[in-house]
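**Q** To start, I am sharing the structure in question, which I have written as structure tokens.
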Amino acid sequence: MSRQQLAVQRARKSFQTGKTKPLESRIHQLRNLLRFVTERRRDIAEAVKKDLSKSEHGTELFETLGVEGEIKLAIEKLAEWAAPRPVEKSLLTISDEVFMHPEPLGVVLIIGAWNYPWAVTLQPLVGAIAAGNAAVIKPSEVCCHSAKVMEELLPQYLDKDLYPVVTGGVPETQELLRQRFDHIFYTGSSAVGKLVMEAAARNLTPVTLELGGKSPCYIDKNCDITVACRRITWGKFVNCGQTCIAPDYVLCDPSIQNRVQEEIKNCIKEFYTDDPKTFEDYGRIINKRHFKRIMALMEGSTVVVGGDSDESQCYIAPTVLKNVTGESKVMKEEIFGPLLPIITVSGVDEAIQFINEREKPLVIYVFSNDNKLIKRVIAETSSGALLANDCLVHFTVSSLPFGGVGNSGMGCYHGRYGFDQLSHMRSCLIKQLKMEGVNSMRYPPHTAKKLGWARFFLLKQINLGRLRRMMLLAMFVGVASFVVQRFLR
Ligand code: NAD
């Protein structure tokens, strides 16, 4: 039996004991996960430094802080999330108990990506634990130091059988995908997402696919371009552009192109100094393969800011490209690196058309003072998220679902959405064995009269909330008129 098979078998056996059902046991595991993230902050930061050359503070800000927040929220809200959820009743079910009951799915496979190796692996795990599942955790092999630390240290904090960490590369992931799971939560590229879904289909396993793609950023010529460029520079070049929700390219009017270019140049200098290569908070491209891929994307476009590189260190400077069109090489795939192409469009109409001619993005960014223009982009495009006048920060709002649509993914997580995504919402209806007379209309023989009653009970729309409010009002009026007549006359 393979290592992967053994891990899945252990997780399933352990899940079947029912030990994840009590909320206290889930909270206990979540507390242990929180302890892991806080006690092992140093080990995590060191691993990320070796993998991606990120600074310690950068790692805390972009990797573990979000995980801590998600764990704390789950601990606080778990009782509310896991409670039965009453639903609206019809006339036929008016005296029944009708509710949704969230129940665990079983064993979840979590496959993480390398760009934020801790955040994108542990955040889905928070949802899996909260929802009462077992989970097999497969960190990305590309961040080998992070994967090793996760494999060694996580079992010291979490239940080893319920939450095994399985490391390895593509063959190991493929072996895992041959096993039967109750849900697969995958973060990574759209190309591999298709393979994951294909493998899942063999067992009718549901999937969440957190994918990437090209997220556009439209700058309206009438906005505060200085502030817009500052926020875009931050969103684009953090983690060397290796962020799934980084603005992939800028769309703007030709009249502001030079200004945008200049403002971004100034911000790069302000954030990363004149020499980003030696600056601690500017990282590196993950490996030589991606370095070569990103360098090749520049072909055919004009470099107006940055452009220098050092293959021996996988360093590419923050770079802005001009004279880019929809046909340029850099527009043929997700950049996932520190290149920012500027494409000119004649206004918001052309920007919307440009966006709609392509795959649905993970996020669309719009910078404008005009609320109507922002609402128009919301109404006339589709994407996982839309963010106006800022970059990335929607990721930090736990009350918003995070996920893609179409080519950028399916399903979502964060906060309650992570819990719901990894739960089965079981429909429950509890009837009494009384009032059998009401049911006579459904039993044979089927007559026109019975059908008439069935029509009334099944199709009649009643607003029970309103009915209840009206009854309360009537009672209040009755009591008030009684008081007036009895005591005040
Ligand atoms: P990656 O190379 O680390 O792959 C992700 C996972 O897929 C790994 O665990 C790997 O083992 C597995 N894998 C790779 N090839 C496979 C194959 N042939 N068969 C089975 N499994 C395989 O990461 P990546 O794909 O380079 O990640 C970058 C992509 O992820 C970008 O497109 C980015 O936008 C996206 N991403 C999305 C999110 C999100 O939340 N939506 C977050 C981070 C990254």
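**Q** Fewest to most neighbouring Cβ within 10 Å: what's the order for VAL165, VAL477? Show your work: numbers first, answer last.
**A** Working: VAL165 23, VAL477 10.
The fewest-first ordering by Cβ neighbours comes to VAL477, VAL165.
**Q** Taking the Cβ of VAL348 as the centre, find all other residues whose Cβ is under 14 Å away and add up their charges (Lys, Arg: +1; Asp, Glu: -1). Walk me through the numbers on the way to the answer.
**A** Details: positive: LYS221, LYS372, LYS375, ARG376; negative: ASP220, ASP253, ASP349, GLU350, ASP370, GLU380.
Spelling it out: positives minus negatives among the neighbours equals -2.
**Q** I'd like to know which of ILE184, ILE256, ILE268 lies farthest towards the positive end of the charge dipole of the range 177-299, counting +1 on Cβ of Lys and Arg and -1 on Cβ of Asp and Glu.
**A** Projecting each Cα onto the dipole axis, the largest value belongs to ILE184.
**Q** Per the helix-only calculation at 222 nm, which mean residue ellipticity applies to the chain, given -39500 (n - 2.57) for every DSSP H run of n ≥ 4 and division by its residues, nearest 500 deg cm²/dmol? Intermediate results must be reported in sequence, preceding the final value.
**A** Details: 17 runs with 204 residues, N = 489.
Value at 222 nm, helices only: -13000 deg cm²/dmol.
**Q** So, one more: Peptides 275-282, 140-147: what's the order by average Cβ count within 10 Å, highest mean first? Provide the component values of the computation, followed by the final result.
**A** On the way: 275-282: 15.6, 140-147: 21.5.
With the highest mean Cβ count within 10 Å placed first, the list reads 140-147, 275-282.
**Q** Right, here's the next one. Let me test this: with uniform point scatterers at the alpha carbons of the range 276-352, what is the Debye-based log₁₀ I(q)/I(0) at q = 0.14 1/Å?
**A** -0.47
**Q** How would you rank THR121, THR64, going from fewest to most other Cβ atoms within 10 Å of each one's own Cβ?
**A** Going from least to most buried by this count: THR64, THR121.
**Q** By what distance, in whole Å, do the Cα atoms of the range 1-145 stretch along each of the three principal axes, largest value first?
**A** Ordered largest first, the range 1-145 gives principal extents of 63, 40, 24 Å.
**Q** Using 5 Å bins from zero, what percent of all Cα-Cα pairs in the range 220-316 falls into each bin?
**A** Result returned by the calculation: 2, 12, 21, 25, 21, 11, 5, 1, 0.
**Q** Here's a follow-up. Per the Kirkwood treatment, what hydrodynamic radius in Å, one decimal, follows for the range 239-290 from the mean inverse distance over all distinct Cα pairs?
**A** Numbers: mean 1/r = 0.0767 Å⁻¹.
In the range 239-290 this quantity evaluates to 13.0 Å.
**Q** On to the next question. Just want the answer: with Cβ charges of +1 for Lys and Arg and -1 for Asp and Glu, which residue in PHE336, ILE94, ILE137 is farthest toward the dipole's positive end in the chain?
**A** ILE94
**Q** Also, quick follow-up: Please report, in debye to the nearest 20, how large the charge dipole of the chain is about its Cα centre when each Lys and Arg carries +1 at its beta carbon and each Asp and Glu carries -1 there. Don't skip to the answer; put the middle values down first.
**A** Working: 62 positive and 53 negative charges, 553 e Å.
Here the size comes out at about 2660 debye.
**Q** Along the positive direction of the dipole of the chain (beta-carbon charges: Lys, Arg +1; Asp, Glu -1; about the Cα centre), which of SER382, LEU297, VAL320 reaches farthest?
**A** SER382
**Q** Taking neighbour counts of Cβ atoms within 10 Å as a proxy for exposure, in what order, fewest first, do VAL377, VAL227, VAL207, VAL366 appear? All intermediate terms of the calculation are to be shown ahead of the outcome.
**A** On the way: VAL377 22, VAL227 13, VAL207 19, VAL366 26.
Least to most surrounded, the residues fall as VAL227, VAL207, VAL377, VAL366.
**Q** To continue, here is another question. With Rg and the Kirkwood Rh both taken from Cα atoms, where does Rg over Rh land for the range 5-77?
**A** Details: Rg = 15.5 Å, Rh = 14.1 Å.
Radius of gyration over Kirkwood radius for the range 5-77 works out to 1.10.
**Q** How do 43-49, 444-450, 252-258 rank on mean C-beta neighbours within 10 Å, highest first? Before the final figure, lay out each step's value.
**A** Values: 43-49: 20.7, 444-450: 8.9, 252-258: 16.4.
Descending mean neighbour count gives 43-49, 252-258, 444-450.
**Q** If I take all pairs of Cα atoms in the chain, what percentage of them are more than 30 Å from each other? Each step should come with its number before you reach the end.
**A** Working: 66021 of 119316 pairs.
The share of Cα pairs beyond 30 Å in the chain comes to 55 percent.
**Q** Would you mind counting up the charge near ALA45? Only other residues with Cβ under 12 Å from its Cβ, with Lys and Arg at +1 and Asp and Glu at -1.
**A** Charge balance near ALA45 sits at 0.
**Q** Related question: With axes computed from alpha carbons, what is the tilt in degrees of helix 190-201 against the longest principal axis of the chain, rounded to the nearest 10 within 0 to 90?
**A** 40 degrees
**Q** Once you compute Rg and the Kirkwood Rh from C-alpha atoms, what is the Rg to Rh ratio for the range 216-396? Please list the in-between numbers first.
**A** Working: Rg = 15.3 Å, Rh = 16.3 Å.
Checking Rg against Rh, the ratio lands at 0.94.
**Q** Too long at a 32 Å Cα-Cα cut-off: which of LYS19/LYS72; LYS89/LYS160; LYS72/LYS288; LYS19/LYS194; LYS72/LYS375? Working shown, then result.
**A** Numbers: LYS19/LYS72 21 Å; LYS89/LYS160 43 Å; LYS72/LYS288 38 Å; LYS19/LYS194 34 Å; LYS72/LYS375 34 Å.
Cα-Cα > 32 Å for LYS89/LYS160; LYS72/LYS288; LYS19/LYS194; LYS72/LYS375; rest within.
All of the numbers you see were taken from the coordinates with simple rules; none came from a lab. Quantities reported herein were computed from a predicted structural model and do not represent experimental measurements. With ideal geometry, Cβ positions are generated from the backbone for all residues, glycine too; neighbour counts draw on all protein chains shown.
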